[in-house]
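Written below as structure tokens is the structure these notes are about.
Here, each number is a calculation from the coordinates, and none is a lab measurement. Keep in mind that this is a model prediction, so the values were computed, not measured. For neighbour counting, all protein chains shown are included, and Cβ atoms are generated from backbone atoms with ideal geometry for every residue, glycine included.
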Amino acid sequence: MPDTQPEQTPVSSDSIVVGHDGSGHADHAVTVALDLAEQLHAPVVLVRAWSIDTAPRPANWEFGYVSSIEEYADAVRVELGEAVMAEVAKHPDVKVTYRAIYASPLKSLIDVSRGARMLVVGSRGRGGLSGMLLGSVSEQCVRHAKCPVLVVRPNT
């Protein structure tokens with residue numbers, strides 16, 4: 001299982017926090033964040049927000065068994081670790097920890113990044129009216145995060 005931290009533990013002030021939702025845009029953000037962390041000798045905290053609807057089934061799940069929130073969180077952390085394993089392996093000198101937060105993506109990223117060196121998020125590249133109507137997590141992070149935010153757009 002990947003290295004984890006209790007979700008409520010504050011991140012260190014030199015940490016780079018990265019949001020990952022399972023998309024290719026998030027994968028690209030992880031790559032950029034790990035490259036940057038390697039140059040800055042900074043630890044990385046990978047964050048995935050989740051709900052019961054989006055979480056994978058826990059490993060011990062079986063029909064009729066009601067899994068605990070912590071079992072779901074463990075399954076989310078494992079899924080996150082597997083999703084980024086190849087990229088993390090390319091950066092063996094970067095300390096990476098994983099957090100699965102049972103909350104909305106925006107709340108998760110804002111809360112975890114409080115006090116961090118930087119927050120890195122991917123962007124689908126939607127702009128204009130579409131972006132305004134849909135409400136972009138990356139845009140809201142830029143507006144509300146308490147640390148600098150790097151928005152990684154496609155093809156950067």
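Descriptive notes on the structure:
- Order by protection proxy (mean Cβ within 10 Å, highest first), peptides 45-51, 85-91, 112-118: 45-51, 112-118, 85-91
- Here the relative contact order of the stretch 16-152, from alpha carbon pairs under 8 Å that lie six or more residues apart, stands at 33 percent.
- Judged by the gyration tensor of its Cα atoms, with axes a ≥ b ≥ c, the stretch 16-152 is oblate; a/c meets the 1.5 cut and b/c is at least as large as a/b.
- Ranking of Ser23, Ser67 by neighbouring Cβ atoms within 10 Å, starting from the fewest: Ser23, Ser67.
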